[in-house]
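All remarks here apply to the structure that follows.
The values are calculated or read from the model by the stated rules, or taken from the named source; none is laboratory data. As the structure is a prediction and not an experimental result, all values here were calculated from the model. Please note: Cβ atoms are built from the backbone with ideal geometry, for glycine as well, and neighbour counts cover all protein chains shown. The accessibility values were calculated without ligands, DNA or RNA, using every heavy atom of the protein model including side chains. Shrake-Rupley method; radii C 1.70, N 1.55, O 1.52, S 1.80 Å.
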Amino acid sequence: MGIKKKVTAAVESAATAVVERADAWLNLYTGFGDPDRDPMMSTNPTTTVPFTQTELDALFNDDHLAHKICTSLPSDALRKWVSLQIDDDAEGQGDEILEFIEDIGGRVALQEGLVWARQSGGCLLVLGVDDGQAPDKPLNEEAIRAFKFVNVIRADQARVKKYYADPAAPKFNEPELWEISSSAGMMMSSAKRDVHESRVIWLRGELTTPQRRKERQGWDMSSLQRAKGPLQRNALVHHAVASLLTKSNLLVFGVKGFSEMVKRAKEAVSAFQTRMQLARMAQSSNSWTIHDSEGETISNISVSFAGIPDVMDRSNQEAASAANMPVTKMWGISPAGMNATGESDLQLWEQQVEAYQVQYVKVPLERMVSLAMLTAGSATGSKVPESWSIAFAPLRVMTDEQLATVQSTISQALALLLDREVFTPEEVVLGPLFADGGLLASLAAVDTEAREAMLAAELERMVKEAKDPPPPPPKFGFGGPKPVPPGDDGEEGEGGDEPEPDAA
């Protein structure tokens, strides 16, 4: 083909590419943007094969990184449990409700279920609530007789049997009825039972497209799926380095006429093998080797490990990024470098845990708490209070040194406010800083009753002065009355004559 025809064919191919991709750059000479010549144009996203449940179980049981990806967030989110705050809770009702949930296994089941949700893409918590109806019927919350248990059902034991089909309903396209099997894998011989969605808590996995969720019988994707490639590459890098360590020091024998020796009779080959065995035994026991100074040569070849730590660090960072975890949390190592403490990584992880608590933990826990309140004979009288909330314990507790620094800073700020008379001492002492659990509670023992009485008296005085202000003091100077000396009636000629000046 001539040059003219090649150019014509290239122009036609380029014109076709321009029509197909009108928003892309194209260079006819370098091939940039040409699907036939540019390798990047052939790099397209494709759907990977999801992990099977058997593969997910193998990863969870045997791979330490996969296990940490599944367990770290649930463990840190519920490490210090929660507190239940109820308005006008004078009898400790919140503590009783939380203790009831722990007694029926709700806390352990919730943490375990969150782990399986990350590992398998979802999990069900079946609530053992007795309302006098069959499990496939909607739960009647006004007739709850008892709340007995919380069972954990993994994704391989349940599937969606029926969805809400009304587009105008608030739960459109969400599961309405679950089919739960007594054994994993949905075996035909296992017992099955239908359970209404109001009697279970659906713990979600990673956010998944609706089509992929239907393909997985209603379940989301596992948290390990997106980390599949990075975990594979990371394992390959570490295995390759471990294999390289066994070959880091290679002893090489040079034998004169080795090729001819191999061609000879078996006796010669056997003699050579015996020679190598003797050399290996001598080296391993005495760290020295005997050889023929004329017919043999021995050289020691060392493998260079320069650059390998950098490769391992980059692989570790890729795996941590795919798992959405800081390197310090995933690998348990502190960052290197000047002034590197890993504090920023820990703060980032704590923010992620707090977001996980709100998105994945709080709603299921509120569901269990509300049903515990509605149970007959509950601490709240079988009813849900008008105002209540769940608060997670702080993830980090200050050290004594940090607490002392905070207390000193707050004390200086309060001293300035008191000096400017923004607050009274009683208002400061009776505030939340000096209350039980406040940052300044340990600084001084405060007689709150006396302080409250002093504050009430001060407020009463201020109110009284506002209603009946005292008369203003007399004014002297320009425009005001002049002071009258004692005994002076202010009239001339009557006892008010000034004494004559002394003659002297």
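See the values below:
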{"item": "Of 380, 398, 347, farthest towards positive along the dipole that unit charges on Lys, Arg, Asp, Glu beta carbons give the range 328-423", "result": "380"}
{"item": "Around residue 217: net Lys/Arg minus Asp/Glu count, Cβ-Cβ under 13 Å", "result": "+4"}
{"item": "Neighbour-limited loop hits for GluC sites (Glu not before Pro), the range 294-401 (at most 12 other Cβ within 10 Å; DSSP other than H, G, I, E, B)", "result": "294, 386"}
{"item": "Residue 421/residue 346 FRET efficiency (R0 45 Å; Cβ-Cβ; nearest 0.05)", "result": "0.60"}
{"item": "Net +/- balance of residues flanking residue 462 in space, Cβ distance below 15 Å, scoring K and R +1, D and E -1", "result": "-4"}
{"item": "Highest to lowest packing among 229-236, 37-44, scored as the average C-beta count within 10 Å", "result": "229-236, 37-44"}
{"item": "The range 153-224: trypsin sites (Lys or Arg not before Pro) in DSSP coil with no more than 12 other Cβ atoms inside 10 Å", "result": "171"}
{"item": "Cross-link pairs beyond the 30 Å C-alpha cut-off, checked among 68/362; 68/137; 162/362", "result": "68/137"}
{"item": "The range 16-152 - percent of accessible surface contributed by carbon and sulfur, probe 1.4 Å", "result": "50"}
